[in-house]
Amino acid sequence: KSEQAMTTDINWIKRMPLEEFLQIANPVERVILVDPAWKGSKNSGAGDSAAIAVVGMESVGVLTNRYVLDLVHSNLLGLQEGIENIFSLMLKWETASVCPEEHVGYTFRAVLEDEARKRGVFLNLIDPKTKNQQKPNRILAFVKQAQAGNVWLVDSCSDPEPFLCEFADFPQLDHDDALDAISYSC
């Protein structure tokens with residue numbers, strides 16, 4: 001198949017109980033990936049949703065396994081609610097690493113940094129390596145990782161349906177916010 005004609009198989013996303021994830025011997029870096037289409041922002045609107053995903057990444061030789069641990073997805077999520085969710089997920093998953101999508105510029109990053117200072121919380125803001133790639137290319141890179149058997153959905157994920165539906169519909173997506181946020185793990 002050509003890359004443009006590639007379709008997905010939902011069975012590429014393997015399932016894993018949280019207990020099994022917690023038994024992984026290799027270090028797993030947990031990162032919060034954010035597609036900040038906050039309610040009222042210029043990129044929110046019909047169909048656009050904010051997505052906050054927690055993904056664990058495990059290096060195994062030259063491969064990286066990705067574990068989708070949690071997901072918050074809503075087209076009603078405002079900026080302050082999004083920030084509250086991010087800090088709640090940081091505490092829940094014991095991570096300081098947050099990778100916001102770049103399209104909102106530095107304003108959101110500055111708000112996050114200011115909020116971290118107010119709370120006395122260390123924040124490790126990460127620039128996405130794929131920020132210069134177009135969305136379909138980012139998603140395709142993630143889809144190829146799933147096809148190769150390197151993606152798991154951990155049963156701790158509170159709202160997996162947006163991700164699973166978007167993955168199953170690729171490349172004919174009406175909405176792609178959850179899948180796009182998770183694709184930043186590539």
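So Asn43 clears everything in (1) out of contact with any helix residue (DSSP H, G or I) (no Cβ under 7 Å at 6 or more places or on another chain); (2) modelled with pLDDT under 90; (3) of a type in the set (S, T, N, Q) except one condition, right? Which one? All conditions are met except number (1).
Scanning the range 112-153 for residues that are surrounded by fewer than 18 Cβ atoms within 10 Å (Cβ to Cβ), of a type in the set (S, T, N, Q) and at pLDDT 90 or above returns Asn124, Gln147. Scoring Phe142 on the criteria (1) in a helix (DSSP H, G or I); (2) in contact with a Phe, Trp or Tyr (Cβ under 8 Å, 6 or more places away or on another chain); (3) among the hydrophobic types (A, V, I, L, M, F, W, C) leaves a single failure, condition (2).
Report, by residue number, each residue of the range 135-157 that is polar (S, T, N, Q) and over 14 Å from Val55 (Cβ atoms). Give the derivation first.
Filtering the range 135-157 down to residues polar (S, T, N, Q) leaves 137, 145, 147, 150, 156.
Within the range 135-157, Asn137, Gln147 qualify.
Which of the residues spanning the range 88-111 are open to solvent by less than 40 Å² (accessible area, probe 1.4 Å) and of a type in the set (S, T, N, Q)? If the condition is that a residue be open to solvent by less than 40 Å² (accessible area, probe 1.4 Å) and of a type in the set (S, T, N, Q), then Thr95, Ser97 are the ones that fit.
So that you can scan it fast, the table gives a plain yes or no per residue for (1) open to solvent by less than 70 Å² (accessible area, probe 1.4 Å); (2) in contact (Cβ under 8 Å) with a residue 12 or more places away in the chain; (3) in contact with a Leu (Cβ under 9 Å, 6 or more places away or on another chain):
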{"position": "Ala50", "(1), (2), (3)": "yes, yes, yes"}
{"position": "Val55", "(1), (2), (3)": "yes, yes, yes"}
{"position": "Gly61", "(1), (2), (3)": "no, no, no"}
{"position": "Val68", "(1), (2), (3)": "yes, yes, yes"}
{"position": "Leu71", "(1), (2), (3)": "yes, yes, no"}
{"position": "Asn75", "(1), (2), (3)": "no, yes, no"}
{"position": "Ile83", "(1), (2), (3)": "yes, yes, yes"}
{"position": "Ile86", "(1), (2), (3)": "yes, yes, yes"}
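When the criteria are applied in full, Asp174 fails the requirement of being under 16 Å from Met57 (Cβ atoms) and open to solvent by 60 Å² or more (accessible area, probe 1.4 Å).
The values are calculated or read from the model by the stated rules, or taken from the named source; none is laboratory data. The structure presented is a predicted model; accordingly, all values stated were derived computationally and were not measured. Virtual Cβ from ideal backbone geometry, glycine too; neighbours counted across all protein chains shown. Areas reflect the complete protein model, heavy atoms only, side chains present, ligands, DNA and RNA absent. Shrake-Rupley method; radii C 1.70, N 1.55, O 1.52, S 1.80 Å.
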